Amino acid sequence: MLDDVGCLPIPEALNVVIQASRGLAYAHERGIVHQDIKPGNLFLLPDGKVKLLDFGLACTCGSENLLSGTPYYMSPEQVECLPVDERADIYALGLTAFEMLSGRRPFDETDPFKAMDLVVTQDIPDPAACVPGLPGLLRDFLLKACAETPTPATATPAGIGGARAAGGPARAEPHPRRAEAP
């Protein structure tokens, strides 16, 4: 499992993200949201293939969410117990990719409740500040995956390839993620 690997070189991390996105695309095409994407649920085989593990919290797109997932990798929708769709998995894949590349979680908080609060109140830090030599287009992918309005295309192999080659996919209609200020 990737939680035992730590920081990966950029080409290896990109390979893992592309393979994980293929598995997620397969699930999303069938209306399934994993809800618990994290390094520990990405299994790297000796031949370099990546397998998605633990669909135990999976639900159908649009399902009401009852605070399911691992706090450090939950999307804003999960934290706020809102209905989830594939964007929850895209967000978690972005957080996971950030960690694979930098060796730390974007919200490096030990208290899970504080980490969940950060998810709904702050954007992730600039990945380029944490990963020396990070290509700009991969930085853009990470920021789009963890943006307030990610698109399902962001986490497809074509979307990642597009982010790598052309600056990222087009944005869909906004889907507010952040908690409204009082």
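The values are calculated or read from the model by the stated rules, or taken from the named source; none is laboratory data. Treat the numbers as computed from the prediction; the structure is a model and nothing was measured. So basically every Cβ, Gly included, is an ideal-geometry build from the backbone, and we count neighbours across all protein chains shown.
Can you find, within the range 127-142, the residue that is modelled with the lowest pLDDT among those that are surrounded by 13 or more Cβ atoms within 10 Å (Cβ to Cβ) and more than 15 Å from the chain's Cα centre (by Cα)?
Step one: list which residues in the range 127-142 are surrounded by 13 or more Cβ atoms within 10 Å (Cβ to Cβ), which gives 127-128, 130-131, 134-135, 137-142.
Pick out the ones that are also more than 15 Å from the chain's Cα centre (by Cα) and you get 128, 130-131, 134-135, 137.
Working: Ala128: 92, Cys130: 90, Val131: 91, Leu134: 90, Pro135: 87, Leu137: 81.
Here the residue is Leu137.
When both residues are 6+ apart or on different chains and their Cβ atoms are under 7 Å apart, which pairs have a first residue that lies in the range 56-83 and is of a type in the set (A, V, I, L, M, F, W, C), and a second that is modelled with pLDDT under 85 and buried (at least 17 other Cβ atoms within 10 Å of the Cβ)?
Pairs found: Leu57/Ser68; Leu57/Gly69; Cys81/Asn65; Leu82/Asn65.
Yes/no per residue for (1) farther than 20 Å from Arg139 by Cα; (2) out of contact with any Gly (no Cβ under 9 Å at 6 or more places or on another chain); (3) assigned to a loop (DSSP other than H, G, I, E, B):
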residue: Asn15; (1), (2), (3): no, no, no
residue: Leu24; (1), (2), (3): yes, yes, no
residue: His28; (1), (2), (3): yes, yes, no
residue: Gln35; (1), (2), (3): yes, no, yes
residue: Gly40; (1), (2), (3): yes, yes, no
residue: Gly56; (1), (2), (3): yes, yes, yes
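Would you please name the residue that is surrounded by the fewest Cβ atoms within 10 Å (Cβ to Cβ), looking only at residues in the range 26-49 that are over 13 Å from the mean Cα position of the chain (by Cα) and among the hydrophobic types (A, V, I, L, M, F, W, C)?
Per the criteria, the residue is Leu45.
Show the residue pairs that are 6+ apart or on different chains and have beta-carbon atoms under 9 Å apart, the first residue being within the range 87-115 and part of a helix (DSSP H, G or I), the second being buried (at least 24 other Cβ atoms within 10 Å of the Cβ) and acidic (Asp, Glu).
Once the first residue is part of a helix (DSSP H, G or I) and sits in the range 87-115, no partner that is buried (at least 24 other Cβ atoms within 10 Å of the Cβ) and acidic (Asp, Glu) comes close enough.
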